Amino acid sequence: MEHLKALIREVPDFPKPGINFFDITTLLKDPKGLSAVIGGLRDHYASQKIDVVLGIEARGFIFAPALAYALGVGFIPVRKPKKLPAATERIEYALEYGADALEIHRDAVEPGQSVLIVDDVLATGGTARAVTQLVENLGGKVAGLAFVLELDFLKGRDRLSGYEVHSLLKY
């Protein structure tokens with residue numbers, strides 16, 4: 001998977017000075033690269049019991065439905081507040097620069113379901129940790145958390161101890 005790093009554009013000083021942004025749009029437009037990402041994630045989880053794949057808005061929506069399709073299971077979106085039309089479960093969580101919130105339909109996860117959580121990047125782990133709480137609040141079991149890339153130096157994995165975490169690429 002290391003060859004995929006050549007397909008990811010690094011943008012210095014975005015969104016602010018001192019930040020090095022890893023832009024996956026260049027990976028997404030490459031058919032072999034995109035296929036390798038979905039195939040790599042599928043291969044990692046193919047032998048595990050996964051009932052549904054959950055994607056985190058916004059870039060998790062790129063990978064989670066494709067992975068769900070590849071695994072032959074359904075897809076659940078977790079969205080920013082006030083985007084879902086039916087009754088929702090909401091979680092507010094702290095970020096390094098403020099606070100945020102996410103919502104999921106209350107009937108999205110059935111008690112006991114094995115849920116794979118997918119997002120593009122594991123950074124500080126705050127968003128992913130909040131989503132594990134949403135899944136568990138609805139009675140689901142977190143089967144694992146999958147990321148295309150992980151920023152090791154931010155130690156987000158530490159906030160997810162007790163869960164299986166898989167990242168295709170590490171920086």
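A short reminder: the numbers here are calculations on the coordinates, not readings from a lab. Since the model is a prediction, treat every value here as computed from it, not as a measurement. Here Cβ is always computed from backbone atoms with ideal geometry, including for glycine, and neighbour counts include all displayed protein chains.
Here are some notes:
- Scanning region 1-21 for residues that are of a type in the set (Val, Ile, Thr) and surrounded by 11 or more Cβ atoms within 10 Å (Cβ to Cβ) turns up ILE8, VAL11.
- Within region 89-135, considering residues that are on the phi > 0 side of the Ramachandran plot and not in a strand (DSSP E or B), the one farthest from the chain's Cα centre (by Cα): GLY112
Residue by residue, here is whether (1) buried (at least 19 other Cβ atoms within 10 Å of the Cβ); (2) of a type in the set (S, T, N, Q) holds:
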{"residue": "GLY98", "(1), (2)": "no, no"}
{"residue": "ALA108", "(1), (2)": "yes, no"}
{"residue": "VAL121", "(1), (2)": "yes, no"}
{"residue": "GLY125", "(1), (2)": "yes, no"}
{"residue": "TYR163", "(1), (2)": "no, no"}
{"residue": "SER167", "(1), (2)": "yes, yes"}
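- Here ALA68 meets the list (1) in contact with a Phe, Trp or Tyr (Cβ under 6 Å, 6 or more places away or on another chain); (2) of a type in the set (A, V, I, L, M, F, W, C); (3) surrounded by fewer than 16 Cβ atoms within 10 Å (Cβ to Cβ) almost entirely, failing just condition (3).
- Condition met for LEU154 (in contact (Cβ under 8 Å) with a residue 40 or more places away in the chain and out of contact with any helix residue (DSSP H, G or I) (no Cβ under 7 Å at 6 or more places or on another chain)): no
- Complete set of residues in region 109-134 that are among the β-branched types (Val, Ile, Thr), in contact (Cβ under 8 Å) with a residue 40 or more places away in the chain and over 15 Å from ALA68 (Cβ atoms): VAL121, THR127, VAL131
- Note on region 15-26: residues that are touching a residue at least 24 places away in the same chain (Cβ under 8 Å) and under 14 Å from PHE63 (Cα atoms) amount to 1.
- Failed item in (1) charged (D, E, K, R); (2) surrounded by fewer than 17 Cβ atoms within 10 Å (Cβ to Cβ); (3) in contact with a Phe, Trp or Tyr (Cβ under 7 Å, 6 or more places away or on another chain), with GLU136 passing the rest: (3)
- Check on LEU41, surrounded by 18 or more Cβ atoms within 10 Å (Cβ to Cβ), in contact (Cβ under 8 Å) with a residue 24 or more places away in the chain, touching a helix residue (DSSP H, G or I) at 6+ places or on another chain (Cβ under 9 Å) and farther than 16 Å from GLN133 by Cβ: yes
- Filtered residues of region 1-58 (kept if touching a Lys or Arg at 6+ places or on another chain (Cβ under 6 Å) and under 28 Å from GLY72 (Cα atoms)): THR26, GLU57
- Any hit, region 8-28, residues being of a type in the set (A, V, I, L, M), outside any loop (DSSP other than H, G, I, E, B) and more than 18 Å from the chain's Cα centre (by Cα): yes
- Region 75-88 - residue that is under 15 Å from the mean Cα position of the chain (by Cα) and not in a loop (DSSP other than H, G, I, E, B) and, of those, nearest to GLY39 (Cα to Cα): PHE75
- Matching entry among ALA64, ALA58 (being closer than 18 Å to VAL165 by Cα and either under 14 Å from the mean Cα position of the chain (by Cα) or assigned to a helix (DSSP H, G or I) (or both)): ALA64
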